[in-house]
Amino acid sequence: MTLIEDRDLLLPLEIPEDNLSLNSGILPAQWIKRLADRDQIGGKPLERGQIQPASLDLRLGKTGYKIHASFLPGHSLSVEQRIQQLTSYELDLTTPQILSRGSVYLIEIEEVLKLGSTISAIANPKSSTGRLDVFTRIIADQSDAFDVVPPAYAGKLWAEVSPRTFDVMVRRGSRLAQLRFRRRTSSQHVYSTFRISDTELEALHERGRLTDETPIIRQGLNLRVNLKRDNGSNVIAYRAKRFTSFIDMDKVGFYRVQDYWDAVEPTSEGNLLLVPGEFYILASKEKLHIPADHAAEMVAVDPIMGEFRVHYAGFFDPGFGCTRDDGPGSKAVLEVRTYDIPFFLEDGQTIGRLAFERLTERPGAEYGEAIASNYQGQRLKLSKHFLNQ
């Protein structure tokens, strides 16, 4: 099935990998398709919509396991070798399966990689996964780090999945995580950072506004939490209910918000007390715009910001927040937990940070209406599974 139209292919497929691009950086959609065409992304053929502007949605495979504990295989073992030590029972995902909150599961990924020496990859939960508090990370064979696929990797991938708030239903083909591919030049170290500096970020904002407000740039673009009435809405946050039915990860616009979430209204002082063990959905005060030749990633843990964490790192694709007048138009939605103590959050407090990276070239299609993106133009918004948003 054609995923990116032929007119979007800017270079011939037979060009060898060393000439993949004159630049280093994140590969855009047209080059992800080329990797698939070359069988560097193998397994079951890709489906329409899997390739995003700068990432690939990963599908769950047919086999999973309930395991005793999280793990990393280490440099000497494959994931399958480690599974034998930790499995409670096997799951057949050719039929829908319920994953229970508080449990840990290991599920094979449909896609199999065979990367060249200049290509590596990083993984993150999809936005809809994070907004349901389903902790998901990717494991590669002989790996001592989560969500990292080294250059020249050849083999299977696995998803560690742990629902924290809701029981969820998944099946073969469900998409919980996504992969970004990075290309480095032969002169770069394998683990070179691709993040642009604060000076470069300031210049990028001058070129085309990254935010509708004066940006706070300190080790990336800092984001502040909104705890005041916004655009006529009297809801400044959602707090997950403790006891609910399961959520089918593949259903869109199906569930009633009030069955799963408590709406939180603003206080006169503009603050919110985060309660340990509770899961919150919040929004940034800033509206964002990610330029078409860059992508961004939310920094998941930053101790200097307080005794809480923005629960999941997240990818922001090129074109996110782009409006017809080319101004910033989408807020960042944040999944937040406090640590073991209550934390008092105030309106305008710094709550997250975006790190920006360059693409090797602009994608054939940017994030937005043209590719039916779910969160373009968002304010405070729950995952796509819920009605009337």
Does region 51-79 hold any residues that are within 29 Å of ASP293 (Cβ to Cβ) and either more than 22 Å from the chain's Cα centre (by Cα) or polar (S, T, N, Q) (or both), and which are they?
-> GLN52, SER55
Output for Cβ contacts, cut-off 8 Å, separation at least six or different chains, first residue within 15 Å of PRO318 (Cα to Cα) in region 196-209, second part of a loop (DSSP other than H, G, I, E, B) and among the acidic types (Asp, Glu), reads GLY208/ASP326
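Name the single residue, out of those in region 141-158 being in a strand (DSSP E or B) and free of Cβ contacts under 8 Å to residues at least 60 places away in the same chain, that is farthest from PHE71 (Cα to Cα).
Among those that are in a strand (DSSP E or B) and free of Cβ contacts under 8 Å to residues at least 60 places away in the same chain, it is ALA154.
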Within region 51-94, residues part of a loop (DSSP other than H, G, I, E, B) and either under 30 Å from PRO318 (Cβ atoms) or of a type in the set (A, V, I, L, M) (or both) come out as PRO53, ALA54, ALA69, LEU72, LEU77, LEU93
May I ask you to verify whether ARG48 is of a type in the set (D, E, K, R) and either under 20 Å from the mean Cα position of the chain (by Cα) or modelled with pLDDT of 95 or more (or both)?
-> yes
Picking from PHE308, PHE243, the residue that is at pLDDT 90 or above and more than 30 Å from GLY25 (Cα to Cα) would be PHE243
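Residue-wise test of (1) farther than 30 Å from ILE196 by Cβ; (2) among the charged types (D, E, K, R); (3) surrounded by 19 or more Cβ atoms within 10 Å (Cβ to Cβ).
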position: LYS251; (1), (2), (3): yes, yes, no
position: ARG256; (1), (2), (3): yes, yes, no
position: TYR260; (1), (2), (3): yes, no, yes
position: GLU265; (1), (2), (3): yes, yes, no
position: LEU272; (1), (2), (3): yes, no, yes
position: ALA283; (1), (2), (3): no, no, yes
Could you tell me which of the residues PHE135, PHE181 is crowded, with 16+ Cβ neighbours inside 10 Å, more than 24 Å from LEU27 (Cα to Cα) and among the aromatic types (Phe, Trp, Tyr)?
-> PHE135
Where residues in region 129-145 are at pLDDT below 95 and of a type in the set (A, V, I, L, M, F, W, C), which of them is nearest to TYR238 (Cα to Cα)?
-> PHE135
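Residues are listed down the side, and each one gets a yes or a no for (1) of a type in the set (A, V, I, L, M, F, W, C); (2) touching an Asp or Glu at 6+ places or on another chain (Cβ under 6 Å); (3) on the phi < 0 side of the Ramachandran plot:
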| position | (1), (2), (3) |
| --- | --- |
| THR63 | no, yes, yes |
| HIS68 | no, no, yes |
| ILE83 | yes, no, yes |
| ASP92 | no, no, yes |
| ASP133 | no, no, no |
| ARG137 | no, yes, yes |
| SER143 | no, no, yes |
| VAL170 | yes, no, yes |
Meets criteria (farther than 22 Å from LYS251 by Cα, outside any strand (DSSP E or B) and not assigned by TED's automatic domain parsing to the domain that holds LYS241) for GLY116 | yes
Would you pick out the residues in region 209-239 that are aliphatic (A, V, I, L, M), in contact with a strand residue (DSSP E or B) (Cβ under 6 Å, 6 or more places away or on another chain) and over 19 Å from ARG379 (Cβ atoms)?
-> ILE216
For region 213-248 the number of residues that are in contact with a Leu (Cβ under 8 Å, 6 or more places away or on another chain) and more than 24 Å from SER330 (Cα to Cα) is 1
Yes or no: LEU176 at pLDDT below 95, surrounded by 21 or more Cβ atoms within 10 Å (Cβ to Cβ) and either assigned to a strand (DSSP E or B) or small (Gly, Ala, Ser) (or both)?
-> no
Region 351-389, residues that are more than 27 Å from ALA121 (Cα to Cα), at pLDDT 90 or above and more than 18 Å from the chain's Cα centre (by Cα) | PHE386, LEU387
Has region 296-304 got any residue that is modelled with pLDDT of 90 or more and in a strand (DSSP E or B)?
-> yes
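The values are calculated or read from the model by the stated rules, or taken from the named source; none is laboratory data. Fair warning: this is a prediction, and the values are worked out from it, not measured in the lab. Positions of Cβ are generated from backbone atoms using ideal geometry, with glycine treated the same way; all protein chains shown enter the neighbour counts.
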